[in-house]
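Chemist: Before I ask anything, here is the structure I am working with.
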Amino acid sequence: MPFLISRNNSACASNTQSKKGKEPAEEPTSHPSRPHDHGKILLGLGTLILELWFGQPLESQPSWEANFGPNGQETEFTKFNAAATWQRMVADHGGPILHNITRRCIYGNFGLATQNLEDTELIKAVYGNVVMELQRLCDALS
């Protein structure tokens, strides 16, 4: 789960002193209920499913560093591009069910105009196209 760990550690590691030097400055944080974060949540879910299925972190994939910026550093698009590339590359190895689950999550492709996880239709779509499909996959493997 390095994808999740690296994201969470970076927020904690950058805590700095305020200009007055008395209290740590609070950095803006993302709250999971804000609509603009929901695409990242779905991307994280798709990435986590790939990491669990293949037993490897996203950061160890060839697509990770291949999607760094010109300065050799991670950009705001690195995680999405690396996950999307990995997802396409393993389509034959995970089978069509896993491929469809991870594609929907990584691309936010649930056939709706919204990626707001407070929207009832999206919740139903994620449940039906991710949770129930993962259950179906597990049942098929047992």
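The values are calculated or read from the model by the stated rules, or taken from the named source; none is laboratory data. Quick caveat, the model's predicted, so the values are computed rather than measured. Note that each Cβ is placed from the backbone with ideal geometry, even for glycine, and that neighbours are counted across all protein chains shown.
Chemist: Could you tell me which of the residues Thr114, Thr85, Thr78 is touching a helix residue (DSSP H, G or I) at 6+ places or on another chain (Cβ under 8 Å), of a type in the set (S, T, N, Q), surrounded by 16 or more Cβ atoms within 10 Å (Cβ to Cβ) and closer than 15 Å to Lys40 by Cβ? First the steps, then the outcome.
Modeler: On the way: Thr114 fails: surrounded by 16 or more Cβ atoms within 10 Å (Cβ to Cβ); Thr85 fails: closer than 15 Å to Lys40 by Cβ.
Exactly one of Thr114, Thr85, Thr78 is touching a helix residue (DSSP H, G or I) at 6+ places or on another chain (Cβ under 8 Å), of a type in the set (S, T, N, Q), surrounded by 16 or more Cβ atoms within 10 Å (Cβ to Cβ) and closer than 15 Å to Lys40 by Cβ, namely Thr78.
Chemist: For residues in region 54-75 being closer than 26 Å to Gly95 by Cα and among the hydroxyl-bearing types (Ser, Thr, Tyr), which is surrounded by the most Cβ atoms within 10 Å (Cβ to Cβ)?
Modeler: Our first condition is that a residue be closer than 26 Å to Gly95 by Cα; within region 54-75, this holds for 54-67.
This time we only want the ones that are among the hydroxyl-bearing types (Ser, Thr, Tyr), so: 60, 63.
Details: Ser60: 12, Ser63: 17.
By that ranking, first place goes to Ser63.
Chemist: Also, quick follow-up: Just to be sure I understand the filter: pairs with C-beta atoms under 7 Å, separated by 6 or more residues or on different chains, first member in region 37-57 and among the acidic types (Asp, Glu), second member surrounded by 16 or more Cβ atoms within 10 Å (Cβ to Cβ) and modelled with pLDDT of 95 or more. Which pairs pass?
Modeler: From region 37-57, the pairs are Glu51/Pro57; Glu51/Leu58.
Chemist: Is there a residue in region 127-142 that is among the small types (Gly, Ala, Ser) and either surrounded by 17 or more Cβ atoms within 10 Å (Cβ to Cβ) or at positive phi (or both)? Write out each step before concluding.
Modeler: First, pick out the residues of region 127-142 that are among the small types (Gly, Ala, Ser): 128, 140, 142.
From what's left, either surrounded by 17 or more Cβ atoms within 10 Å (Cβ to Cβ) or at positive phi (or both): none.
No, region 127-142 contains no residue that is among the small types (Gly, Ala, Ser) and either surrounded by 17 or more Cβ atoms within 10 Å (Cβ to Cβ) or at positive phi (or both).
Chemist: Just give me the residues in region 101-142 being charged (D, E, K, R) and under 26 Å from Thr78 (Cβ atoms), in sequence order. Walk me through how you get there before you give the answer.
Modeler: Here is the first cut: in region 101-142, the ones charged (D, E, K, R) are 103-104, 118-119, 121, 124, 133, 136, 139.
Matches in region 101-142: Arg103, Arg104.
Chemist: Follow-up. May I ask you to say which residue of Thr78, Thr85 is at pLDDT 50 or above and within 12 Å of the chain's Cα centre (by Cα)?
Modeler: The match here is Thr78.
Chemist: Collect the residues in region 54-82 that are within 23 Å of Arg136 (Cα to Cα) and either among the aliphatic types (A, V, I, L, M) or touching a His at 6+ places or on another chain (Cβ under 9 Å) (or both), keeping them in residue-number order.
Modeler: The one that is within 23 Å of Arg136 (Cα to Cα) and either among the aliphatic types (A, V, I, L, M) or touching a His at 6+ places or on another chain (Cβ under 9 Å) (or both): Phe54.
Chemist: Residue check: is Thr75 among the β-branched types (Val, Ile, Thr) and without any contact (Cβ under 8 Å) to a residue 24 or more places away in the chain?
Modeler: Details: among the β-branched types (Val, Ile, Thr): yes; without any contact (Cβ under 8 Å) to a residue 24 or more places away in the chain: yes.
Against the criterion (among the β-branched types (Val, Ile, Thr) and without any contact (Cβ under 8 Å) to a residue 24 or more places away in the chain), Thr75 qualifies.
Chemist: If you don't mind, another one. How many residues are modelled with pLDDT under 90 and in a loop (DSSP other than H, G, I, E, B) when one looks only at region 21-64?
Modeler: 12
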